[in-house]
Amino acid sequence: MNVLDPVVLFFVLGVAAGLMRSDLRLPSAVYDFVTMLLLLAIGLKGGVELSRQPLAVLAPQMLAVVGMGLLLPLLAYPVLHYAGRLARADAASIAAHYGSVSVGTYAVVAAYLSARGVAFEEYMPVFVVLLEMPAIVVGILLARGWNAQNHWGELGREIFLGKGVVLLTGGLLIGWAAGAEGVQPIGALFFDLFKGILALFLLEMGLIAVSQLGDLRRCGLFLAGFAIVFPLLSALIGGGLGWALGLSMGGTVVLATLAASASYIAVPAAMRMAVPQANPSLSLAAALGVTFPFNILIGIPLYHAAARLLYPDGA
Amino acid sequence: MNVLDPVVLFFVLGVAAGLMRSDLRLPSAVYDFVTMLLLLAIGLKGGVELSRQPLAVLAPQMLAVVGMGLLLPLLAYPVLHYAGRLARADAASIAAHYGSVSVGTYAVVAAYLSARGVAFEEYMPVFVVLLEMPAIVVGILLARGWNAQNHWGELGREIFLGKGVVLLTGGLLIGWAAGAEGVQPIGALFFDLFKGILALFLLEMGLIAVSQLGDLRRCGLFLAGFAIVFPLLSALIGGGLGWALGLSMGGTVVLATLAASASYIAVPAAMRMAVPQANPSLSLAAALGVTFPFNILIGIPLYHAAARLLYPDGA
Amino acid sequence: MNVLDPVVLFFVLGVAAGLMRSDLRLPSAVYDFVTMLLLLAIGLKGGVELSRQPLAVLAPQMLAVVGMGLLLPLLAYPVLHYAGRLARADAASIAAHYGSVSVGTYAVVAAYLSARGVAFEEYMPVFVVLLEMPAIVVGILLARGWNAQNHWGELGREIFLGKGVVLLTGGLLIGWAAGAEGVQPIGALFFDLFKGILALFLLEMGLIAVSQLGDLRRCGLFLAGFAIVFPLLSALIGGGLGWALGLSMGGTVVLATLAASASYIAVPAAMRMAVPQANPSLSLAAALGVTFPFNILIGIPLYHAAARLLYPDGA
Amino acid sequence: MQTETRKLLTVICEASLEARVIADVERLGARGYTITEARGKGGRGVRDAGWDRSANVRIEVVCDAPTASAIATHLRDHYYEHFAMILFVADVEVLRAEKFGPGAGRGLP
Amino acid sequence: MQTETRKLLTVICEASLEARVIADVERLGARGYTITEARGKGGRGVRDAGWDRSANVRIEVVCDAPTASAIATHLRDHYYEHFAMILFVADVEVLRAEKFGPGAGRGLP
Amino acid sequence: MQTETRKLLTVICEASLEARVIADVERLGARGYTITEARGKGGRGVRDAGWDRSANVRIEVVCDAPTASAIATHLRDHYYEHFAMILFVADVEVLRAEKFGPGAGRGLP
Ligand SMILES: Nc1ncnc2c1ncn2[C@@H]1O[C@H](COP(=O)(O)O)[C@@H](O)[C@H]1O
Ligand SMILES: Nc1ncnc2c1ncn2[C@@H]1O[C@H](COP(=O)(O)O)[C@@H](O)[C@H]1O
Ligand SMILES: Nc1ncnc2c1ncn2[C@@H]1O[C@H](COP(=O)(O)O)[C@@H](O)[C@H]1O
Ligand code: NA
Ligand code: NA
Ligand code: NA
């Protein structure tokens, strides 16, 4: 039975309300609250699982995933700069967004798979954390070249100490230190409410996605096309990597989705500081206005269907 | 055993804190959050139930309820304008408030009945949505007459796209589309926490009710009397209608309570825009300062007791 | 097995993020929300238990606890004023903070004991409420002497009607009126989520603690030392009193912790109004920057270990 | 520092008017605006932002004198009678004067 | 546009003073005020609004010059010594001058 | 009432610049600042504070004229090109003038 996922319906409700110009908004304190809960919950869950894994198994996977994070922006940049004729800074910034990952999209794919009873490696949040960073570094290098003025120390602070990364990593470490039994008393807030909180988050994301449409119109067709086609390509790479690493089918779907997703938390903040001449409207319009909705509504089921072909036995 | 309902005690706490001039307030972002959760929860619950009902059964009930929504302001207006000597705009605006419904009062009556194990038609939120609107239209017509300058299109937007109506209707549609099984994963947030969230909401409503008392004093005795007597009359009409429609006893209590309640979300916003010359303090002081507390503390148990007489078999 | 308590790890995360100058903050509306939930939850739990206790048993304990609240600031003042050479107003204000209690610390010790399966008298929140007040009165008298200009009426309002006290007392009364069965429907919000909410609260407290360090440095070594040594002394007094009153081992640990904790909600507000010439940075830096972290991380386990020596049979 | 004088128009009004006032401000020629949430008290009583209906907004517009004058007149004519609203105008020096309209910063005409 | 000059008095102070300052402002003759939440830094250190004790409020009062002067003097005398507070006064042009007190807009007396 | 004139510099900019602007303001000699959350619209589009990336802050600095001038020039040179930002300067009368820098309140130099 193919239940319409209510979590996704909240996103649709947000989009509909936005298109009809309702005055519906999550107050920004509530949006922050909801985001914090999601980041901590994802981190905690990943950390608990991490405490069960021998590092020897994970280390090669982690390396491979970081490699993917370095590769994706290098693929995106020439497309944007040469085919799309975007200025160097803009192309580099958008490439960084698409090389990194969206935590919200991760939350949706995790909810999607668990609703369908598809198992996946629960330590995936580790990859979410790892994938935040490399694309930012590549993006900055693409925009500014390698030089001493890059103030890597200060940039490192911006990147690693942004609240998104701190909450995700902090949750991961707490989950890892406390273990499954230890986090159980706080599970009612972080785990039981997860999907409800995700629903509220997606409601607001729907409203935000619509608010990007004006900017998107100004950006032109090329960017809108890129925001759909490049994720499909990334999903192929991510899914292929998952398969090659011997992940379960669920894990492959997750890695494909992570690859296909575009950051809108850590990367925008870092790029704004490191590459201020890049127009932030372009990357946000593409990431939030096109890629996020595309992944939520079409991409995830698509990657799932494709993975089924790769895994004829079902896992 | 007649347990003192803790949800109502939170309202009393709010009133007490307000009267003693405590600095207690819910931050407005938290008030918005709490209201959003209530609206979505009520909508979701109603929608789930709606998906189980044949429309053929509901349609006549829905029509009758809309009829009641048109009738009540027509009854209230002459009382206010002629007996109460209120200006036309003020009388029309207050009539619209009392013809419409209060979602908070609905939440309390639902909690009240479920705490006492009294069943009622769970699709009642449909009536809440339906009753929001007709009284607004009647109110505007009473204030301005029928003329081309009414900009019904724009007014329609104000009414239908206010965030209260969007969340309630959106929840209804999501619940209807997802069904009981579909909404189950988000139930921990929207259903399990419902009464706790309602308690917080009522705490703030108690504070708000007290803050209306100053305005109320200025409005005079007539309005305060109206704010108690008219709801009693409306409850009679609503209860009678529920009985005539063949609702269960619980359903009759709910419809009586809806009829007796006065809007303070959708209607004030709509009236402010459509009939700006009406003084909003009058209607809010009556609805929030008198009718809401009256219904919460006295009305609901009263309508329940009265309904028991109508339904000697207990349902 | 000595599980690392995740709730405390959240505090450590806050401290770490603060020290690394992350931009992580709880929005102030969320901090308020979290604090309100904790205060209400603590009050409700205490009230439910109170409804089970004969007053005759409690009254002498309550009196003794109030006596402790009067004694502690009288002990602290001469140390601060004569040994520490702090101005009269400053010494009196700090003494009031340390004579009163910290609700956050209470929440942590309650979570700590329940995680270890150690029972304690669940009506302890009554003592939390009682201990808020006496130290304030003593502090004001120490600072200003007894004179007619003290406007005790107005000060009483500030103290008793501050939102912290209203929520705690209100929760207590509601819990007491509704009883265990009555509060059950709102338990999902107030009880099940308690530890998760406490974790968020401690995350922010960690950030706040770090933000006090600058002020602390300016205050000098004496105050930092006082903020550790005096709580140890207070814990001895509180623990001794608990033992003398015949409390369980858990209850003795709680009373020791309460004595050792320093207020940062009710007292700062009251002192600001009553003794404005006292520098609020001093007391907050000591209470939040030193004593709170000390109690959370070291004090509570220490008081627990000490109590075990007093109660060789384990309770 | 090369500066020019412009007008800073500040409008404080009930939050439900925000969308309309913004539309008017833009239609009458302002090139931007800034909004902060506010509460307060005036002839129409306390508006304490506790909930939607009772919040205020504080809208600032930097523009040339004729635009400020046009906006102020329009708001007075359309909203003063029935809505909670005040407005006031001050002289400010700006750096990128062209951002805020062409007019020279003469006193209100 | 028919305008008159009045004073805009802006007070920034710790949030715990709000009720008292408002009471003073009204008692000294102002007919309204507007409050926004703020944070900041001054002689008494950083006040970053993270939690109750450290928030500021920003209170604006439009009034005639004598009232502004009376309020400013009163606040200085009663709060400057022990509380985080600054205040400043500017000239503004208003439309419905009678709303803000009778006095003509002469410079501070 | 004994007052002196100082400058009130108001900067409205994207929230992500806050830490940098504050650092600049302090380095260039201001002795305090006040921040309020804001949203708005300008040449770089709507910034509606719905979420982090799109919020503005409104920073006020009371200082002497040379400091105001130095800050304004610095901000223009470093941020105007790539960031959402406006600023304006007004004259205000203050009570404890020494709090806000030594300079007498002459017009911008
Ligand atoms: N004299 C005043 N000074 C500052 N703000 C005012 C003043 N009068 C009114 N306001 C603000 O403007 C809003 C609407 O004013 P009113 O229409 O007079 O009720 C009030 O809620 C206050 O926020
Ligand atoms: N020079 C200044 N410019 C703008 N705001 C200031 C200035 N000095 C102080 N403030 C504000 O006034 C509050 C109290 O100032 P103070 O009493 O100097 O600590 C600070 O927290 C700031 O919000
Ligand atoms: N004319 C204006 N009046 C008031 N505020 C403005 C104006 N122009 C811009 N702003 C504010 O300054 C921010 C940045 O402006 P901009 O760099 O022009 O996008 C906007 O988001 C507004 O909050
Ligand atoms: Na990606
Ligand atoms: Na009604
Ligand atoms: Na203590």
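Read-outs throughout are calculated quantities, based only on the coordinates presented, and are distinct from any laboratory measurement. Keep in mind it's a predicted model, so treat the numbers as computed, not measured. Cβ coordinates were reconstructed from backbone atoms using ideal geometry, including for glycine residues, and neighbour counts include every protein chain displayed.
Taking label positions 7 Å along the Cα-Cβ direction at both C:L232 and B:S114, the computed distance is 5.3 nm, reported to one decimal. When a/c reaches 1.5 or more, the comparison of a/b and b/c decides; with that in mind, is region A:16-110 rounded, prolate or oblate per its Cα gyration tensor? Oblate is the answer for region A:16-110, as a/c is 1.5 or above yet b/c matches or exceeds a/b.
The rotation axis taking chain A to chain B passes closest to the C-beta of one chain A residue; that residue and the distance in whole Å read A:A29, 2. Other protein chain C-beta atoms within 10 Å of residue C-beta, averaged over A:28-40: 6. Charge tally around C:F226: other residues with Cβ under 13 Å, Lys/Arg +1 each, Asp/Glu -1 each, net 0. I want the local charge near A:G246. Using Cβ-Cβ distances under 14 Å, sum +1 for each Lys or Arg and -1 for each Asp or Glu among the other residues. Taking every other residue near A:G246 into account, the sum is -2.
Could you tell me how far the Cα centroid of region C:256-315 sits from the Cα centroid of region C:106-170, in Å? The two parts, judged by their Cα centres, are 12 Å apart. Under the simplified labelling scheme, the D:E4-C:F160 pair shows an inter-label distance of 6.4 nm, with each label point 7 Å from Cα along Cα→Cβ. For peptide A:196-203, the mean count of partner chain Cβ atoms within 10 Å of a residue's Cβ comes to 5. Protection proxy ranking, highest mean first, for peptides D:25-33, B:91-99: B:91-99, D:25-33, where packing is the per-residue count of other beta-carbon atoms within 10 Å, averaged.
Distances between equivalent label points of E:H78 across the copies, with each point positioned 7 Å along Cα→Cβ, amount to 4.1, 4.1 nm, shortest listed first. Normalised by the number of residues in chain B, the mean separation of alpha-carbon contacts (under 8 Å, six or more apart) gives a relative contact order of 31 percent.
Considering all C-alpha pairs of the protein assembly as shown, those separated by over 55 Å amount to 20%. With only the Cα atoms considered, chain C has a convex hull volume of 134 Å³ per residue.
Peptides A:194-202, C:59-67, B:296-304, ordered by how many other C-beta atoms sit within 10 Å of their residues on average, highest first, read A:194-202, B:296-304, C:59-67.
Once the Kirkwood radius over Cα pairs is known for chain E, the Stokes-Einstein relation at 37 °C and 0.692 mPa s delivers a diffusion coefficient of 229 µm²/s.
Normalised by the number of residues in region D:4-96, the average gap of Cα pairs under 8 Å and 6 or more apart makes the relative contact order 49 percent.
Mean partner shielding of peptide F:12-18, defined as the number of other chain Cβ atoms within 10 Å of each residue Cβ, is 3.
Counting charges near A:G182 (Lys, Arg +1; Asp, Glu -1) among other residues having Cβ under 14 Å from its Cβ returns a value of +1. With the charge dipole of the protein assembly as shown set up from +1 on Lys and Arg Cβ and -1 on Asp and Glu Cβ about the Cα centre, the Cα lying farthest toward the positive end among the listed residues C:Q277, B:F11, A:S114 is that of C:Q277.
With its label point defined 7 Å out from Cα along the Cα-to-Cβ axis, B:G67 lies at 7.5, 7.5 nm from the matching points of the other copies, in increasing order.
The distance separating the Cα centre of region B:52-86 from that of region F:1-73 comes to 54 Å. For A:Q277, the label point sits 7 Å beyond Cα toward Cβ; its separations from the matching points on the remaining copies run 6.1, 6.1 nm, from shortest to longest.
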